[in-house]
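Sharing a structure below in structure tokens format, with a few things to ask.
The values are calculated or read from the model by the stated rules, or taken from the named source; none is laboratory data. What you are looking at is a predicted structure, and each value in this text was computed from that prediction instead of being measured. Cβ placement follows ideal geometry from the backbone for every residue including glycine, while neighbour counts extend to all protein chains displayed. Heavy atoms of the whole protein, side chains included, go into the accessibility calculation; ligands, DNA and RNA do not. Shrake-Rupley method; radii C 1.70, N 1.55, O 1.52, S 1.80 Å.
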Amino acid sequence: MTLPVNPDEPAYIQGLNAPQREAVLTSEGPVLMLAGAGTGKTAALTARLAHLIATRRAWPSEILAVTFTNKAAREMKERVGRIIGDAVEGMPWLGTFHSICAKMLRRHAELVGLQSNFTILDTDDQLRLLKQIVTAAELDEKRWPARQLAGLIDQWKNKGLTPADVDTAESQRFADGQGAKLYTIYQDRLKALNACDFGDLLLHMLTILKTHRDVLQSYQQRFKYILVDEYQDTNASQYLWLRLLAQSSKNICVVGDDDQSIYSWRGAEVANILRFEKDFPGAAVIKLEQNYRSTPHILGAASGLIAKNGGRLGKTLWTEVDAGDKVEIIGVWDGPEEARRVGEMAEDHQRAGGSLDDLAILVRAQFQTREFEDRFISIGLPYRIIGGFRFYERAEIRDALAYLRLVNQPADDLAFERIVNQPKRGLGDKALARIQTFARGMSGPLSHAAVSILDSDELTPQARRALGGFIGDIARWRDLSASLPHYELARQILDESGYTAMLQADKSAESAGRLENLNELVRAMEEYETLGAFLEHVSLVMDNDAQGDGEKITMMTIHAAKGLEFDRTFLVGWEEGVFPSQRALDEGGMASLEEERRLAYVAITRARRKCTILHAANRRIYGQWTSSIPSRFIAELPADHIEQENSMSGGESMWRANWSQNADPFAHVNRGTGRGPGWQRASTSYSTAPTRIVEARASAVSLGNKGRSDLSIGKRVFHEKFGYGLIAEIEGNKLEIDFEQAGRKRVLDTFVTLD
């Protein structure tokens, strides 16, 4: 509750509620500002910084203020500047972790074998150097790609591990145990080049502070106060660096929310904020719980969901605004209907006088935007993509389309140039320049010139072989296009060209998403009769992308939406396997489930006035229709704060009942595989939705979680995918079946019929 204005108080205190005020005025000793979503933590943090300077507790140069992004640092500086004026210009230690550590390292570079004018390598230079190291070690770069090694080294540096700290188990993760050795060689090469990468900025400073006590003491004496934003997102290196600097004065204030820790894939460790009180005994824990963004129903739904997580500090968000609408749960038949429903609701919002700028669609994975983009293009609904490219603008999609365009139209020079050396075939810029020169001389397209130049000595033997293979592949695929469905042809092109293998070998965090995008592209092609019709559709979409400014509905991933807010949000694809992500559950088990739940919490709390969650009963996965089960997160939402659309309430109630039976939210995980209850999704496929399966599904939904009464252990059943088998176990509507050909599988009774 905001306190009455006291004219005798400084302006930066006025307007703050009681916990915010406490966070500002508790200047001495360790402070954990546990700030829930939408609780005004930035206002409290900047007011605290201004208070330290205004009350002469420290000069601006004696305060270390750390953020995660340059944008956040600029915003903090601007806000503080409005309060204390020009004094903010004397804050040399306000910035990101990397910018501050770079400044420190230039002062002490010689202590780690560098000169003060060292170069900071970008990602491309880092990969080029690592490729040289992999080649010199006589390793197969296709089997052990430099990008994978770069990812490992980045992980080790985020954990604060020097080459000497990498143990045997970690070293085994690359080139049969050569990981640590190659890491050592890489670090030596960097020093020889007087260079470092971004991970080194923190790692080198951590090493210096640990091994040179005089340097550590000088910074401990310099920084009378330390402020850290988004503390829940710190990795091990950042955590250790901060803890060393704060050990003397103990005047460290960290701001964060353990319920919004969603970046473990880039090294963030939620444990850092959870153990703050242990690291700094006697710390003041101040909870900011008054939310200024959302309605009580939205907050109630989000709070009830996140309460299912075990490892958390705990807080209860509340607000003084009106109750508003309950969180809306809508079940639809399939993905296209989901896109239609969202489009209709957006148009209704417009007709009622609302702006499209108030609306946002939040997805778990980028490939999900494609269905909405195509729908919005068809109805003329303007949209924007935040934090990523529009679907057809993504590099991997453009590459795939270039292959398809060249097969469809041999004279497409732009497509030829894009993919003649993608993936790498040994056809560099010089080879392409010769082909272009030849084409100009014969006044023909590049593909014709390429065929002609193969009979000359214009190219090296290696380049001729590579070009000949490429031209032969294009001709073969063109012949296949007469008999093979165009979407199957696309899949074959991606596989035979080596493009799929290239992404599979790429161990970066983005590669899996790029593969998902390509699968979604192939799925999208199935909706068009011919390759030409599909390519024409894409051209129209790309032309529409050039639309000018004006109000637009926003689409983005939930990760990209953190820190943003909208009047109304559409949270789509809330099904098992999509959200929570099956890949995350397979790789991380319970820890990943809790992070997925935190991601759901972030998604719900982006809404100010209205939140709509959608799930589909069916999705197309890898070209096949699959049954989808509503996300377990829907079942975990408090009933008092949600309303469900009647059309899917039966199935949803079934899922809610099934999940609520289990005290352990991970009880349905298959212990042998680490997979959750949606793990069989991609296998329970059907191509034309046979009547008997649809009828069986409807029957099972009407029975709720009791299962079908006509099934019992030992009965012989038929499954569209797995064939015939005997029922071994029955748990509600889920069956364990010993199939004659496929072995034991866990399936839903909706997809079996009695033999």
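Across the range 724-735, what is the total count of residues that are among the charged types (D, E, K, R) and either under 15 Å from LEU754 (Cα atoms) or open to solvent by less than 30 Å² (accessible area, probe 1.4 Å) (or both)?
1
Counting just the residues of the range 451-466 that are closer than 12 Å to ARG434 by Cβ and either among the small types (Gly, Ala, Ser) or touching a Lys or Arg at 6+ places or on another chain (Cβ under 8 Å) (or both), which one comes out most open to solvent (accessible area, probe 1.4 Å)?
Once the filter is applied, the top-ranked residue is GLU458.
Run down ILE730, ILE713 and say which single residue is touching a Ser or Thr at 6+ places or on another chain (Cβ under 8 Å) and either closer than 14 Å to SER627 by Cβ or not aromatic (Phe, Trp, Tyr) (or both).
Exactly one of ILE730, ILE713 is touching a Ser or Thr at 6+ places or on another chain (Cβ under 8 Å) and either closer than 14 Å to SER627 by Cβ or not aromatic (Phe, Trp, Tyr) (or both), namely ILE730.
Out of all the residues in the range 495-517, is one or more more than 14 Å from GLU396 (Cα to Cα), free of Cβ contacts under 8 Å to residues at least 24 places away in the same chain and open to solvent by less than 60 Å² (accessible area, probe 1.4 Å)?
Within the range 495-517 (the criterion being more than 14 Å from GLU396 (Cα to Cα), free of Cβ contacts under 8 Å to residues at least 24 places away in the same chain and open to solvent by less than 60 Å² (accessible area, probe 1.4 Å)), the answer is no, since none of the residues qualifies.
Tally time: how many residues in the range 375-408 are within 29 Å of TRP477 (Cα to Cα) and of a type in the set (Val, Ile, Thr)?
Total meeting the criteria: 2.
Starting from residues that are under 15 Å from ARG312 (Cα atoms) and out of contact with any Phe, Trp or Tyr (no Cβ under 7 Å at 6 or more places or on another chain), keep the ones in the range 270-281 and report whichever is most open to solvent (accessible area, probe 1.4 Å).
LYS278
Among the candidates THR168, THR135, THR211, which residue alone is among the hydroxyl-bearing types (Ser, Thr, Tyr), within 30 Å of GLY498 (Cα to Cα) and open to solvent by 60 Å² or more (accessible area, probe 1.4 Å)?
THR135
Out of all the residues in the range 239-253, which are open to solvent by less than 10 Å² (accessible area, probe 1.4 Å) and touching a strand residue (DSSP E or B) at 6+ places or on another chain (Cβ under 9 Å)?
Hits for the range 239-253 are LEU242, LEU245, ALA246, ILE252, CYS253.
If you don't mind, another one. Select the helices (runs of 4 or more DSSP H) contained entirely in the range 66-163, then report the ones holding at least 1 residues which are within 23 Å of GLN178 (Cα to Cα) and over 27 Å from the mean Cα position of the chain (by Cα).
123-136
Let me ask you something else. Tell me which residues, restricted to the range 28-57, are open to solvent by less than 10 Å² (accessible area, probe 1.4 Å) and touching a Lys or Arg at 6+ places or on another chain (Cβ under 6 Å).
Across the range 28-57, the qualifying residues are LEU34, ALA35, GLY36, THR46.
Within the range 441-470, how many residues turn out to be farther than 14 Å from ALA411 by Cβ and either free of Cβ contacts under 8 Å to residues at least 40 places away in the same chain or touching a helix residue (DSSP H, G or I) at 6+ places or on another chain (Cβ under 9 Å) (or both)?
19
With a cut-off of at least 2 residues that are among the aliphatic types (A, V, I, L, M) and touching a residue at least 24 places away in the same chain (Cβ under 8 Å), name the strands (runs of 3 or more DSSP E) lying wholly within the range 327-425.
In the range 327-425, 327-334, 359-363 are the strands (runs of 3 or more DSSP E) which contain 2 or more residues that are among the aliphatic types (A, V, I, L, M) and touching a residue at least 24 places away in the same chain (Cβ under 8 Å).
Within the range 179-196, which residues are open to solvent by 10 Å² or more (accessible area, probe 1.4 Å) and not aliphatic (A, V, I, L, M)?
Matches in the range 179-196: LYS181, THR184, GLN187, ASP188, ARG189, LYS191, ASN194.
May I ask you to verify whether LEU489 is closer than 20 Å to ARG425 by Cβ, buried (at least 18 other Cβ atoms within 10 Å of the Cβ) and of a type outside the set (D, E, K, R)?
No, not satisfied.
Just name the residue that is surrounded by the most Cβ atoms within 10 Å (Cβ to Cβ) out of those in the range 138-155 that are farther than 13 Å from ARG128 by Cβ and acidic (Asp, Glu).
Per the stated criteria, the residue is ASP154.
Moving on to the next point. From the set of residues in the range 543-577 that are at pLDDT below 90 and not hydrophobic (A, V, I, L, M, F, W, C), which is most open to solvent (accessible area, probe 1.4 Å)?
Out of the qualifying residues, it is ASP549.
When the residues of the range 164-193 are narrowed to those that are of a type in the set (A, V, I, L, M, F, W, C) and part of a loop (DSSP other than H, G, I, E, B), which ends up farthest from the chain's Cα centre (by Cα)?
Filtering first and then ranking leaves LEU193.
Note down all Cβ pairs under 8 Å where the first residue falls in the range 569-596 and is among the β-branched types (Val, Ile, Thr), the second is open to solvent by 10 Å² or more (accessible area, probe 1.4 Å) and assigned to a strand (DSSP E or B), and they're at least six residues apart or on different chains.
From the range 569-596, the pairs are THR569/LYS610; VAL578/ARG619.
Could you please find all residues in the range 603-615 being crowded, with 24+ Cβ neighbours inside 10 Å and either assigned to a strand (DSSP E or B) or in contact with a Lys or Arg (Cβ under 6 Å, 6 or more places away or on another chain) (or both)?
Within the range 603-615, ALA607, CYS611, ILE613, LEU614, HIS615 qualify.
Can you pull out every residue in the range 321-370 that is over 30 Å from GLY513 (Cα atoms), touching a Pro at 6+ places or on another chain (Cβ under 9 Å) and of a type outside the set (A, V, I, L, M, F, W, C)?
Residues satisfying the conditions are ASP322, GLY324.
Any idea which residue in the range 431-450 is surrounded by the most Cβ atoms within 10 Å (Cβ to Cβ), counting only those that are outside any helix (DSSP H, G or I) and modelled with pLDDT under 85?
Here the residue is GLY444.
I'd like the full set of residues that are over 15 Å from GLY426 (Cα atoms), part of a helix (DSSP H, G or I) and either modelled with pLDDT of 90 or more or among the charged types (D, E, K, R) (or both), limited to the range 451-486.
GLY472, ASP473, ILE474, ALA475, ARG476, TRP477, ARG478, ASP479, LEU480, HIS486
Report whether or not ALA284 is touching a residue at least 40 places away in the same chain (Cβ under 8 Å), open to solvent by 20 Å² or more (accessible area, probe 1.4 Å) and under 28 Å from LEU25 (Cα atoms).
yes
Additional query: Restricting attention to the range 212-229, report how many residues are in contact with a helix residue (DSSP H, G or I) (Cβ under 8 Å, 6 or more places away or on another chain) and either more than 24 Å from PHE118 (Cα to Cα) or without any contact (Cβ under 8 Å) to a residue 24 or more places away in the chain (or both).
Of the residues in that region, 9 qualify.
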